[in-house]
Amino acid sequence: MTNQGAVMNLFLFSPPSSPQRRMIYAGYSPDIIHGLDQGFIFAPFGLDCEIFTIPADLSAPSSEIPSDEVLMQWIEANDRAYYATHAEYAVSTPQSIHEQLVADTISYLRTLEHDHGSHTKIIASRIERTQTRKSMPQLFGSLAEAYPDACIFLFSTPLSGTWIGASPELLLQADASQLTTMSLAGTRLATDTTEYAPAEAWDDKNIAEQRIVTDFLIRTLSDKGLAPCPSPLMSRRAGSVEHLCTIIHAPLSQELSTAQRTGLIHALSPTPALSGYPRREAVDFINAHESAPRRFYGGMVGISTPARLECYVNLRSAQKGSAQGGLTMYAGGGITTLSDPTAEWHETCRKLSTLTKSL
């Protein structure tokens, strides 16, 4: 066993479970690679952000995972190093502040329409400070049990701090024969108990919001020389809410090179479902106006092996605080000129319930 007192980069990663069982990939290393390599990969929110890799052999799910006690020793050492140079958020975003952000976003979108027509949106997010009595490994287990259709992830490094989440949104999956991505946008209370259902009775605001993401993904893949094939529009359940969803496949003739994988991640992340459209203007507005920097919220997490790439959006997630039990949770919603500030606040509350129900 590696020295338990040393700073150690670590991860637990569990993609959506098969009917048989949920697979867990785990790894730890004193090293971290700047760039995409074999292992667990992650990147912060933003355009063309650096990708980091915790090197590991992920050719098969992990048969042995360090004990919770050992994992927490490493997590606490990583967080001490991280918070020595990063400020911690003291308070949750008040409802009035978030509603004002939404109102300001709507005003800005109206000015963008002169140049980009009605196809504009920006994701407005907020934070919620909370407490949990569970350790991070225990919370990982609770999320994995509660959300079999989500990607459950936990990663901890001195440069990122510790993050945990239950993401419903696939960013990119690729093997030697096929690439898959997902357009997931629009939100309402779940109306069906199944994971996927026909998209019925959605309002114009949500349909337009999701269409922006779908068009972006199809155009981006086409620009890369691929032939994307979108599925019919569906409703996809994610905890207590559901989203409009289009799954997009594109055939591949061979495995993607490291440079091709990196290029696709940079081209797709953040999609308009996490930033907005047009992306440059949306990201600039988010960085200038949101009350708390997103850091790794809205970025991506995944695993990379010679045969497979599987990445998800860092969504429905939280960053561990410096004090025992403290968490900073993140949630956001897509804003268009048809949005209502109070309704958008309540949407973030529903999305936060993904984590709070497991705390």
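The values are calculated or read from the model by the stated rules, or taken from the named source; none is laboratory data. Here the structure is a predicted model, which means the values were calculated and not measured. Counting neighbours? That spans all protein chains shown, and the Cβs are built from the backbone with ideal geometry, glycine included. These accessible areas exclude ligands, DNA and RNA; they are computed on the full protein's heavy atoms, side chains included. Shrake-Rupley method; radii C 1.70, N 1.55, O 1.52, S 1.80 Å.
Overview of values
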quantity	calculated
Qualifying residue in the range 113-120 (condition: touching an Asp or Glu at 6+ places or on another chain (Cβ under 8 Å), in contact (Cβ under 8 Å) with a residue 40 or more places away in the chain and open to solvent by 60 Å² or more (accessible area, probe 1.4 Å))	yes
Strands (runs of 3 or more DSSP E) wholly inside the range 167-212 containing at least 2 residues that are without any contact (Cβ under 8 Å) to a residue 24 or more places away in the chain, at negative phi and touching a Phe, Trp or Tyr at 6+ places or on another chain (Cβ under 8 Å)	none
Residue within the range 168-185 that is open to solvent by 40 Å² or more (accessible area, probe 1.4 Å), touching a strand residue (DSSP E or B) at 6+ places or on another chain (Cβ under 8 Å) and closer than 23 Å to Ala318 by Cα present	no
One residue from Ala166, Ala197, Ala174 being farther than 29 Å from Glu255 by Cα and of a type in the set (A, V, I, L, M, F, W, C)	Ala197
Qualifying residues in the range 135-163 (those that are assigned to a loop (DSSP other than H, G, I, E, B) and within 25 Å of Ala292 (Cα to Cα)) - the one nearest to the chain's Cα centre (by Cα)	Ser160
Leading residue by the ranking (farthest from Ile97 (Cα to Cα)) among those in the range 108-129 that are out of contact with any Pro (no Cβ under 8 Å at 6 or more places or on another chain) and charged (D, E, K, R)	Asp115
Elements of type strands (runs of 3 or more DSSP E) contained in the range 250-359, each with 1 or more residues being open to solvent by less than 10 Å² (accessible area, probe 1.4 Å) and more than 20 Å from Arg129 (Cβ to Cβ)	300-304, 309-313, 326-335
Strands (runs of 3 or more DSSP E) contained entirely in the range 12-107, each with at least 2 residues that are in contact (Cβ under 8 Å) with a residue 60 or more places away in the chain and within 23 Å of the chain's Cα centre (by Cα)	39-43, 52-55
